[in-house]
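Student: One structure coming up, written as structure tokens, with questions to follow.
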Amino acid sequence: TFPAWRTLTVNPNLRTADDFRRALTDKGVLISGWANDILDRANLTVPESVTELELVVLSNAKLGFPNGAIYGDTCRRILELGYDLCPSRAGPELRIQYSDQPLGEWFILAMEPITDFVGCPGAWLVGRDSGGRVLDGTSGRPSRFWRGVARFVFVRRKSA
């Protein structure tokens, strides 16, 4: 069992891509072009029974892939270990709520990919660089290779 890294509170007032854009902009977040595109295509449904998500963050190495793995294998391992993939709204929600992210820290959200306008599968990339806090997109292609140091965010499964 891996410890929760942080708890994400689902904001039921954020229902549309434009709601998220306003909230992100109000927080001074840079939204990349790719993130902006997949935001329009993301399923941003507010789950009725879920008000909080316990997030876990681990590297591919900690997931058992010290030399790296393809995204599909990383996501399968997360599920095999009894965790869930992030819902698509978790990327923008995390970016809004994680205001004290250290400089140089980046996470890939382990999630079902969101297909962009040219048909490429995308996933959220949440980071902070010298330009500030960023919501970006990255490849969610199952065959995309990520090194062992790549860090993924996923969800602790709720007990029944």
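Student: Which one, Val134, Val46, Val57, has the greatest fluctuation when you compute a Gaussian network model over the chain with C-alpha springs under 10 angstrom?
Tutor: Of Val134, Val46, Val57, the Gaussian network model singles out Val46 as fluctuating most.
Student: Grab the DSSP H runs of the chain that are 4 residues or longer, score each as -39,500 (n - 2.57), total them, divide by all residues and round the 222 nm result to the nearest 500 deg cm²/dmol.
Tutor: Estimated from H runs of four or more residues: -6500 deg cm²/dmol.
Student: Of the GluC sites (Glu not before Pro) in region 53-149, which ones lie in a loop per DSSP and count no more than 16 other C-beta atoms within 10 Å?
Tutor: Answer in residue order: Glu105.
Student: If R₀ is 22 angstrom, what is the calculated FRET efficiency for the pair Arg157 and Asp19, using the beta carbon separation as r and rounding to 0.05?
Tutor: 0.20
Student: So which chymotrypsin sites (Phe, Trp or Tyr not before Pro) in region 87-160 end up in coil per DSSP with only 13 or fewer other C-beta atoms within 10 Å?
Tutor: Those that pass, being in a loop and sparsely packed, are Phe117.
Student: Using a Gaussian network model on the chain with a 10 Å cutoff between Cα atoms, which of Leu135, Leu30, Leu39 fluctuates the most?
Tutor: Top of the fluctuation ranking is Leu30.
Coordinate-derived values only; no laboratory data. Fair warning: this is a prediction, and the values are worked out from it, not measured in the lab. Because the Cβ atoms are built from the backbone with ideal geometry, glycine has one as well, and the counts that use them run over all protein chains shown.
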